[in-house]
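See structure below.
The values are calculated or read from the model by the stated rules, or taken from the named source; none is laboratory data. What you see is a predicted model, and the numbers here were worked out from it, not measured in a lab. Heads up, the Cβs are rebuilt from the backbone with ideal geometry, glycines too, and the neighbour counts pull from every protein chain shown.
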Amino acid sequence: MSEVLLQIDGREVTAREGVTILEAAKSIGISIPTLCHHEKLEPYGGCRICSVEVDARGRTSIVAACLFPVEQDLVVRTSSKKLDRIRKSLLEMMLAHAPDSEQLQILAQEYGADRDRFEKEASFCIHCGLCVRYCAEIKKKNAVGFIDRGARKEICFIPEIASKECWDCKECFPLCPTSALQAAYVLTKALTFQP
Ligand code: SF4
Ligand code: FES
């Protein structure tokens, strides 16, 4: 596969065609924040915290670094005032759902996000989809999924599958950036599993 030459934060990078900006940045030690990305899973682009600025073909745009593939002569900025503002707002919205998430709090501190900017809607889940995708793509079990849509979207274990598959797996638990997944599991277990 051929290689392309691009620039990230003023540094020249050679990367394999097809890799994402996130991977190319990582290869030279530049870290971009992520919340819904997992290197073993298909790209998802759900949280947008990895947003970066790219200049290509005379245009500047904001793209998700975990999805956008490298291109010859692409110029990428992984931090700027505009990106800081975007990340700050995204974090403030997520913190309304999961105010106690350690991962969000660390990022909030970095980007000066106000935990109390938006009214709390303690759903705890930030819809990163890591648990759902891990269970489907890696474990091939589909024991956990989303129900409903939009603001009412919730994580939910499928009791018939979870009662057989989850008790000795739980590999998705450490992936959750909040405590939503563990809480959903405990609830499903209490309500539906056999004693
Ligand atoms: S339960 Fe956790 S891992 Fe699953 S989608 Fe919600 S925040 Fe992400
Ligand atoms: S990490 Fe890229 S959109 Fe979530």
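Being loosely packed, with under 13 Cβ neighbours inside 10 Å, within 16 Å of ligand 2 (Cβ to nearest atom) and either among the charged types (D, E, K, R) or closer than 30 Å to residue 52 by Cα (or both) is not true of residue 126. Quick check: anything in the range 124-132 more than 14 Å from ligand 1 (Cβ to nearest atom) and part of a loop (DSSP other than H, G, I, E, B)? Among the residues of the range 124-132, not one is more than 14 Å from ligand 1 (Cβ to nearest atom) and part of a loop (DSSP other than H, G, I, E, B), which makes the answer no.
Within the range 32-51, being free of Cβ contacts under 8 Å to residues at least 24 places away in the same chain and more than 8 Å from ligand 2 (Cβ to nearest atom) holds for one residue alone: 39. The set of residues in the range 28-44 being over 21 Å from residue 112 (Cα atoms), at pLDDT 95 or above and in contact with a strand residue (DSSP E or B) (Cβ under 8 Å, 6 or more places away or on another chain) consists of 28 alone. Here residue 59 does not qualify as basic (Lys, Arg) and in contact (Cβ under 8 Å) with a residue 24 or more places away in the chain. Checking 165, 171, 121 one by one, the residue that is more than 29 Å from residue 24 (Cβ to Cβ) and either within 16 Å of ligand 2 (Cβ to nearest atom) or loosely packed, with under 15 Cβ neighbours inside 10 Å (or both) is 121 and no other.
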